[in-house]
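Below: one structure, written as structure tokens.
The values are calculated or read from the model by the stated rules, or taken from the named source; none is laboratory data. Computed from a predicted model, the values in this text were never measured in an experiment. A quick note on method: Cβ atoms are made from the backbone with ideal geometry, for glycine too, and the neighbour counts reach across all protein chains shown.
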Amino acid sequence: MASCFQPKQPKRSKSWFKHFQYNPKRDKAGDVRNILLIVATLIAAVTFQSGVNPPGGVWQDDGLGHEPGRAIYASRKEEYYVFLFFNTVALSSSVLVIMCLTYRFPFYTEILVATASMLVTYGSAIFAVTPGNSFKFRYILIGAALPFVVRGLIYLVQLCYACGDEEEQENLCSNCGREISEDNLCIKCAR
């Protein structure tokens, strides 16, 4: 009778999150690239728009000593610094992803010109809406360059490791994979 009053243990459900994760055995490289391009394009569009039209909009008239066409949000300097810096990092990162995923595609040069032009347009737009005394634009340049610099450093580190692996493989026997002695003979194979 006691078993009738015990609460039932809930069934453990499968994690839906695992089902949507990347699986190299199931997911095709072309499909993954297309999804990444969509996500990167969406991020680029949103960040570009928020830089050109900042949160809170721009002053419409010169009342209260504000210059028309300048970002209202810029009156809160620290918050505006954070917004512009990270918005620029997001835009620059998405542009980098777009450029990497379309490398060696037809019209790649045109894509490169378009994305570079978009970054310049973004820069000129945020310069136009930001009051001259409220922001140091070197932070924007650092934010724009940061993803490219980090990717370049990662590439260099990977290249250095790959070169180190090749040197180590030169000292290994091609037959059994063991290290070759100073006499250029394998200890196991004697070759």
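Below is a table of values for the structure above.
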quantity	calculated
Search result, residues across region 124-153 that are part of a helix (DSSP H, G or I) and among the basic types (Lys, Arg)	Arg138, Arg151
Residue selected from region 84-100 under the condition touching a Gly at 6+ places or on another chain (Cβ under 6 Å) and surrounded by fewer than 21 Cβ atoms within 10 Å (Cβ to Cβ), by the criterion farthest from Tyr155 (Cα to Cα)	Phe85
Residue match in region 64-80 (condition: β-branched (Val, Ile, Thr) and not in a loop (DSSP other than H, G, I, E, B))	no
Residue in region 71-83 that is nearest to Arg138 (Cα to Cα), counting only those that are out of contact with any helix residue (DSSP H, G or I) (no Cβ under 6 Å at 6 or more places or on another chain) and surrounded by 11 or more Cβ atoms within 10 Å (Cβ to Cβ)	Tyr81
Leu42 vs. criteria at pLDDT 90 or above, surrounded by 10 or more Cβ atoms within 10 Å (Cβ to Cβ) and either in contact with a helix residue (DSSP H, G or I) (Cβ under 6 Å, 6 or more places away or on another chain) or not hydrophobic (A, V, I, L, M, F, W, C) (or both)	no
Answer residue from region 124-139, given it is closer than 15 Å to Phe85 by Cβ and either within 19 Å of the chain's Cα centre (by Cα) or surrounded by fewer than 16 Cβ atoms within 10 Å (Cβ to Cβ) (or both) and is modelled with the highest pLDDT among those	Phe127
The one condition in (1) under 19 Å from Leu37 (Cβ atoms); (2) buried (at least 18 other Cβ atoms within 10 Å of the Cβ) that Leu112 fails to fulfil	(2)
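Residue-wise test of (1) of a type in the set (Ser, Thr, Tyr); (2) at pLDDT 90 or above.
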position	(1), (2)
Pro24	no, no
Asp27	no, no
Gln60	no, no
Ala74	no, no
Tyr80	yes, no
Phe85	no, yes
Thr102	yes, yes
Thr121	yes, yes
